[in-house]
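Novice: If you scroll down you'll find the structure; I have some questions about it.
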Amino acid sequence: MIARRIGLYVVTAFVAITVNFFIPHLMPGNPVLTLIGKMRSQVTPQTIAALELQYGVDTKTGLWGQYTHYWYELLHGNLGTSLSGYPASVGSLIRGALPWTIGLVGVATILSFVLGTLIGVLAAWRRGSWLDNLLPSLTFFQAVPYFFLAILAGALFATKLGWFPQSQPYDTTLLDPGLTWDFISSVLDHAVLPALTIVLASVAGWIFTMRNVMITTMDEDYVLIAEAKGLPRRRVVAYAARNAILPSVSSFSLAIGFIVSGALLTEIVFSYSGIGFLLLQAVTNEDYPLIQGIFLIITFAVLGANLIADFVYAFLDPRTRQEG
């Protein structure tokens, strides 16, 4: 079953890479001419030919030749050269932005999943308690877009109260990146507000999903039999939670996969230098190589997260291992 799934992911990755190549090439315009227009300088035909070769738009080689060249460069880890950040490579720009997104959105997503799952199990276990009655109030945070929460949080806690910084991933005017306490504390301080908005906007969904599935699972025959045989209540809840968490695992894999795309609007609100903010700059500047590279990274992240989820699902549910 797992081998068949891996083969499916390989085929999906091949198709995604192919589509990622052809879409920019089917779009009107020429990235080299765009770059020359931004340079606003006289260029020679030799310079244009060199740039076309560098950006993989050399029309003399034909579309198939460009496609094979694209695969060759991709297999050697070369995603091309950025138009807006010339002569910086796409890979270097992504490597500079990716840690900020993984650190912020990744930690916030994992935290909201863990908190939501635990609170959902507890609410189902203590059905009718004050905690269970408090849950409907959380629908407000689930209904409000997270970027709107980001604006409110920034206006209240950053602008009015001054408790946290308003923008940037750290104090860029006074500090240089490094393993120092001043830099680390500044990073944590700047991450509180954007992380808080992501957690508040997403934790309610995990809570309600886990609570509803958990309540259904607690009424299953095997749970009732376990309770009738006198198993400790906590042990019964633990077994039920292991089965109830299966739907959340699939949703969590998608959430983890989309971490690399960043909470785009949250990063824009807080000017946080992550992948989402980088994608906005690439679209604004019509930087097709950078857009292409970011989409490719997002695709592989989603496929990788789903593959990991398949392994976790097989571990949690032995029935999936016996599927023919």
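Novice: Just to be sure I understand, how many residues within the stretch 74-108 are part of a helix (DSSP H, G or I) and of a type in the set (S, T, N, Q)?
Specialist: Within the stretch 74-108, residues that are part of a helix (DSSP H, G or I) and of a type in the set (S, T, N, Q) number 2.
Novice: Please state which one of 111, 118 is loosely packed, with under 15 Cβ neighbours inside 10 Å, not in a loop (DSSP other than H, G, I, E, B) and not aromatic (Phe, Trp, Tyr).
Specialist: 118
Novice: Still on this structure: Has the stretch 44-61 got any residue that is modelled with pLDDT of 80 or more and over 30 Å from residue 247 (Cα atoms)?
Specialist: no
Novice: Please determine whether any residue of the stretch 195-214 is exposed (fewer than 15 other Cβ atoms within 10 Å of the Cβ) and either out of contact with any Gly (no Cβ under 7 Å at 6 or more places or on another chain) or in the same structural domain as residue 269 (by TED's automatic domain parsing) (or both).
Specialist: no
Novice: Do any helices (runs of 4 or more DSSP H) entirely within the stretch 169-287 hold 2 or more residues that are modelled with pLDDT of 80 or more and within 16 Å of the chain's Cα centre (by Cα), and if so, which?
Specialist: In the stretch 169-287, the matching helices (runs of 4 or more DSSP H) lie at 181-218, 275-284.
Novice: Also, quick follow-up: Looking at the stretch 137-151 only, could you name the residues that are under 10 Å from residue 269 (Cβ atoms) and of a type in the set (A, V, I, L, M, F, W, C)?
Specialist: Hits for the stretch 137-151 are 147, 148, 149, 150, 151.
Novice: For the stretch 122-158, how many residues meet the condition of being of a type in the set (Gly, Ala, Ser), assigned to a loop (DSSP other than H, G, I, E, B) and either farther than 30 Å from residue 224 by Cβ or not assigned by TED's automatic domain parsing to the domain that holds residue 196 (or both)?
Specialist: Within the stretch 122-158, residues that are of a type in the set (Gly, Ala, Ser), assigned to a loop (DSSP other than H, G, I, E, B) and either farther than 30 Å from residue 224 by Cβ or not assigned by TED's automatic domain parsing to the domain that holds residue 196 (or both) number 0.
Novice: Go through (1) in contact (Cβ under 8 Å) with a residue 60 or more places away in the chain; (2) buried (at least 19 other Cβ atoms within 10 Å of the Cβ) and name the single condition residue 186 misses.
Specialist: Result: residue 186 passes all but (1).
The values are calculated or read from the model by the stated rules, or taken from the named source; none is laboratory data. Just so it is clear, the model here is predicted, and its values are computed rather than measured. Cβ atoms come from the backbone with ideal geometry, glycine included; neighbour counts cover every protein chain shown.
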